[in-house]
Amino acid sequence: MRKAAFFAFFLLAYYLAGMYRSQPLMALCLGMLLLAGTAFLRTRQLRKGISASFPQTHRELIQGKEAVFPVCIENRRPLGAGRCILTLEAGYGDTEGITISHLESSVRYGATDLAVSLFVPDCGLLFLRVTALEGRDWFSLFRFKKRWDAETTLAVLPLPEERLHLSFFSVSGDAALAGLAKQTAGEDIHEIRQLREYRIGDQNRRIHWNVSARTGKLWLKELEGDDPPFAALYLRWGERPLSRRGKSDFFRLFHALAMGLLEQGLRLETVWRDIEGRMIRQKADSSEGVHSLLLSLYQLGAEGFPTEPSTMEDCQGAFMLDTELGWYWEEALIYRFSSDKLEEEIREKNFWL
Amino acid sequence: MAEIQIRLQKEKAGAALVEPLFLLAGELGLLLLLQEVRGFSFSLWAVCPAAALLCGGLWCARRKGSGATAAVLGGFVLLCAVGAYFFREGLAAQLQYLWEVFFSDTTPTLMDTTGSMLLLTAGMVALLFIGECLLKCHWPFALLMSCLPLLWVLAGFRVNLWALAFLTLFIGGFWAIRGKKGNVSHGTGISAAVFLLAVLLFSWPVAARFSEKLSLPAYRAEETAYRIWRRFSGSAPELYVNGGVSRGNHYQTGAVMMELSTTRQPSEALYLRGFAGGDYWNGQWLPAEDGVLLEQVKEILNWGNWSNMVDGMYRTMYYVVNRYVIRDEPPTPMSITICYNGDKYPDHFAPYYSRLTSDWLTAEDGYTCEFYEPGDMLLDWEKVPDSFSMQRDWNRAVYDAYAQQAAAAYTGVPAERVPRLARLAAEHPLDDREEITAFILQTLRGNAVYSQTPGWTPMGEDVVEDFLFEKHSGYCVHYASAAALLYRLYGIPARYAAGYLVPPEEFSPGEAGDWTASVTDELAHAWVEIFLPDYGWTPVEVTPDFRGEITVRYPGFDWSTADQGPEEERDTIPVLNTEQSVSFPVQNKVPAGSAFPKEKGQWALWLYLVICLAVFGFLFLDVRREEILRRQSTAGCRETFSRLLEMFRFCGVMAGHDGIELDFAQRTAREIPAVSCSEWEAVLRYTTMAAYGRGTPEPAGDAFVREVYQRACRFLYLRLPWHKKLLFRLGKAFL
């Protein structure tokens, strides 16, 4: 449209300049011709020299928060200059919809970093792809379009501060049992950090026989110098493929649960089956470990969670989390979270275990 | 489900710095265009600073926010309304004058219109600002600004190159910075502006030097389009016989208009007149009203029932008298048959000194005339045989009566439509016919060149005056019209004549022993005819030949421009001064009732300019201050600390301290209690780490240092005297 208007005006002005022998108008026409020629040349040069890439720095984003993400546009032709429109595609690798956006910026010789503001509502592995580069001169007279393929993958993490509020019902918290422990142990009570329920695999010598006899349940001594115990968390896949939102909720809940457990001084061992049915165990004793765990799950989620119902062999003494947002302890449902109110539930609910 | 959102982070307010420049360029372009309009007279010195002030003021207000913008716009409107009310009488007179300039036929007395132009400028600036900067709608204004220079050219107003440059800057600049969605960057705008100006700077000398050659393709295109149109429409080519003096170019198609057949080959060029012009009005010759004159002749002669012979006698008397003049070798008249190529005869073409020998209205195969060539004409009315004397007396009576009427009918010129021609004749008073003819021919030769593509005549401009005083280029219709008007201005009866000019070489021997010629539209021609004593209407060829020379021969006169010597030796060639317009007084004269009367004008103008400068300076400083503060808001701790030290030096606080002293924090805390000693120590720590530390500065540290800077700034500002406060804010832009 602009080009048509430009050349229509040029023809009219040239005709009038010739007919009326107007030198200023003829100068204008000449100038317009030069302008068009230069614009064409610069556009061609820009087409040859332009490229787009993602810098290596940013790899992670936080879900639900706007982040600035750099995209580098480079022009290797000194004569090339004008405006460039990037076609950016963002998606989670599934078929639920890819967001396409066109970003416009001016381009000169050299590299230009565009600050792209990204708002991602869901957790998971996000791919960002530049699929086309469209350019035009400053006056939008000439344009070009060329395909481009630059891709990067971002991990969209849940909010770091989001965690389930857990409180364990331990002996050290119960005055009666604490007193029993003191009276009967005959040991320096500062050595015993807390008592907890016995789990398979615990050392028998750590069983506090007196308390166990009194309560009818096996209790284990945790001493001050001991490493924090592991909390096992089994992940159970559903029968149906998860939507993008479903995966995001699952990751979010997993992260909140893991961070909540860590906050209680526990270490986490997560167990799940991959697509080939192999049992995968991964431990985490810090937020970095949970982070790494999450990335592994993101990879799995990007490929697609197994849809065959897994049979959990023995969940005794272990937590379980299923893709329906159900949280279990030894097959007993503790709570089923709701996708619509997940954030609220994570934030407000307190769990006594 | 929420969607992924991707958008580009845009630059903040600093990206629009070029907008006021482009806005001002558009405004100045408009003002310079308006100044070229005949009758428009206003003081650029008053209007341009006002325009610059308005553009700057509105743009600065926009940077402050929509509230400030609305307030400033409202203030402008109020100011204009108040000003218009207080100066309503003067403004009304100016607006009335402007109305007459554009829409009245009469020429009003020149009036200074600075007041109304100021009002108009304010309106235009506000409109451009709202459209371009607020609504970001460039298309309507680009269209308007693009069409204006074209309309100016069409209307015959001059288009100043600076006006074009400014308008191009406005159109191109806003076009460049308006990306697909709003602003892109001011860097793009500045680059585009510089590029546009450079391109125009280069184009102007090239266009000035090669303007003619550059125009050729346009003429070729027009000619091609004309030929195609004629071919497909089947319409006959336009000739000159409608009396219109063409305002454009002339293109030929080569179509055969008529076939001629003569008894022998003519020895001179044959003028076949089909049209004679009477009154001239606005580029159009009305047909000569010989019929009316002949009726008057009949009344004068009062021949009663014999009056009906007057028409026939008038048309044939020169032929008849020449035939009876006693000579040693009486010439033989030539017979010519004219057969028009077409269904009907639109006009009656006849040679001079001829008589019709067949009825041209009913002859389907053509009509025949007998005529004498000009070289065979020897009209000695007294030298006739006695047998013819009575007939001679009758013809003479008709001639005398007609000559008397012709002198009155064919010497009128609408001087108000051709004032420059009238002034030319008045400045060169001549009485002798031959001297007048020589003067006209020299004027035409010295001030015009023959061209069939002289270009168009602008609207409102007389085509003859445009030919002689502006374009200096034209073809036969222009030469003939100019000569006819000049003859009339000197009191010599003259008429514009049009028809065909058939040179002898066009004739070739025919099959029947005659000589035939095919007359095409290329032989269409216009000339001037003057009423000579005894000879009546005699053609005078005033159009240059292929060498550019004009040769005129009529009884008693044989003159050629080629015989007058080299051009540089010809003192008598009047060189027409085209700079001065006689329609209005010269533009640079201050008209009566000027906005700036001579006695008080000078100091008032200077005061006004100083005020404009002061306000503009203030706006500029404020914008600069905002830019500095904007950059400061994202500066690192090192830059902020340097700024802090600079501020201390300006305020005379902590003189001689560079921040590296051991007790810097304590001393500064004493001088500036708004910041505690521990905070100063933290500032020093962050700045040292940023300067010498291994890692990158922490954003939190930068923000802390900036916050301390702000507190120290406010504390020191309150303790400064007023003149230092001004410098503190506007000059140094600390706060």
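Each value in this text was obtained by applying a stated rule to the coordinates, not by laboratory testing. If you're wondering where the values come from, they're calculated on a predicted model, not measured in any experiment. Every residue, glycine among them, receives a Cβ derived from its backbone with ideal geometry; neighbour counts consider all protein chains shown.
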- request: Determine the dipole magnitude for segment A:1-100: charges of +1 sit on the beta-carbon of Lys and Arg, -1 on that of Asp and Glu, nothing else is charged, the reference point is the Cα centre, and the result goes in debye to the nearest 20.
  value: 740
query: B:W139 versus B:D400, label points 7 Å from Cα toward the beta carbon: distance in nm?
result: 7.9
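Quick check: net charge around A:V120, other residues with Cβ under 10 Å of its Cβ, Lys/Arg +1 and Asp/Glu -1?
Net local charge, A:V120 excluded: -2.
What FRET efficiency comes out for A:S53 versus B:L44 if R0 is 51 angstrom and r is the Cβ-Cβ distance? Round to the nearest 0.05.
Working: r = 53 Å, r/R0 = 1.04.
Step by step, r from the Cβ atoms, then E = 0.45.
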message: Suppose R0 equals 41 Å. What FRET efficiency, 1/(1 + (r/R0)^6) with r the Cβ-Cβ distance, do B:A415 and B:D380 give to the nearest 0.05?
response: 0.60
task: Provide, as a two-decimal number, the C-alpha radius of gyration of the protein assembly as shown over 2.2 N^0.38 Å, N being how many residues it has.
output: 1.56
- request: List the equivalent ellipsoid semi-axes of chain B in whole Å, largest first, each obtained as the square root of 5λ for an eigenvalue λ of the Cα gyration tensor.
  value: 83, 28, 21
message: Need one number: nm distance between label points at A:S243 and B:L727, each 7 Å from Cα along Cα→Cβ, rounded to one decimal.
response: 6.8
query: Which of B:Q391, B:L110, B:L135 sits closest to the plus end of the dipole of chain B, meaning its Cα is farthest towards the positive end, when Lys and Arg get +1 and Asp and Glu get -1 on the C-beta?
result: B:L135
Length gained when the stretch B:E627-B:E646 is fully extended (0.36 nm per residue, less Cα-Cα span): 5.0 nm
message: Running a GNM on chain A with Cα contacts under 10 Å, which residue among A:I50, A:I85, A:I192 ends up with the highest mean-square fluctuation?
response: A:I192
message: I'd like the FRET efficiency for B:A70 and B:L609, computed as 1/(1 + (r/R0)^6) with the beta carbon distance as r and R0 of 30 Å, rounded to 0.05.
response: 0.55
Extension gain (nm, one decimal) between B:F102 and B:Q9, 0.36 nm per residue minus Cα-Cα: 28.4 nm
- request: Return the Rg/Rh value of chain A, two decimal places, where both radii are evaluated on C-alpha atoms and Rh is the Kirkwood radius.
  value: 1.26
field: Of B:Q632, B:P333, B:I492, farthest towards positive along the dipole that unit charges on Lys, Arg, Asp, Glu beta carbons give chain B
entry: B:Q632
query: With each pseudo-label sitting 7 Å past Cα toward Cβ, what's the B:N282-B:V77 distance in nm, one decimal?
result: 4.2
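Run the numbers for A:T215 and A:A5: contour at 0.36 nm per residue of separation, minus the present Cα-Cα distance, in nm.
My answer for the length gained is 66.5 nm.
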task: Please say if segment A:229-352 is rounded, prolate or oblate, where rounded means a/c under 1.5 for a ≥ b ≥ c the square roots of the C-alpha gyration tensor eigenvalues, and otherwise the choice is prolate for a/b larger than b/c and oblate otherwise?
output: rounded
- request: Would you work out which of B:G412, B:I436, B:L378 lies farthest towards the positive end of the dipole of segment B:372-441, given +1 charges on the beta-carbon of Lys and Arg and -1 on that of Asp and Glu, about the Cα centre?
  value: B:G412
task: With only Lys, Arg, Asp and Glu charged, each at its Cβ (+1 for the first two, -1 for the last two), find how big the charge dipole of chain B is about the Cα centre; round to the nearest 20 debye.
output: 6820
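Provide Rg over Rh for segment A:120-160; use the alpha carbon set for both Rg and the Kirkwood Rh (inverse mean inverse pair distance).
Rounded to two decimals, Rg/Rh equals 1.26.
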- prompt: At 222 nm, what helix-only mean residue ellipticity would chain B give, in deg cm²/dmol to the nearest 500, using -39500 (n - 2.57) for each DSSP H run of four or more?
  reply: -16500 deg cm²/dmol
Set A:K3/A:K48; A:K3/B:K213; B:K64/B:K724; A:K217/A:K283; B:K136/B:K732; A:K65/A:K145 screened for pairs whose C-alpha atoms are more than 31 Å apart: B:K136/B:K732; A:K65/A:K145
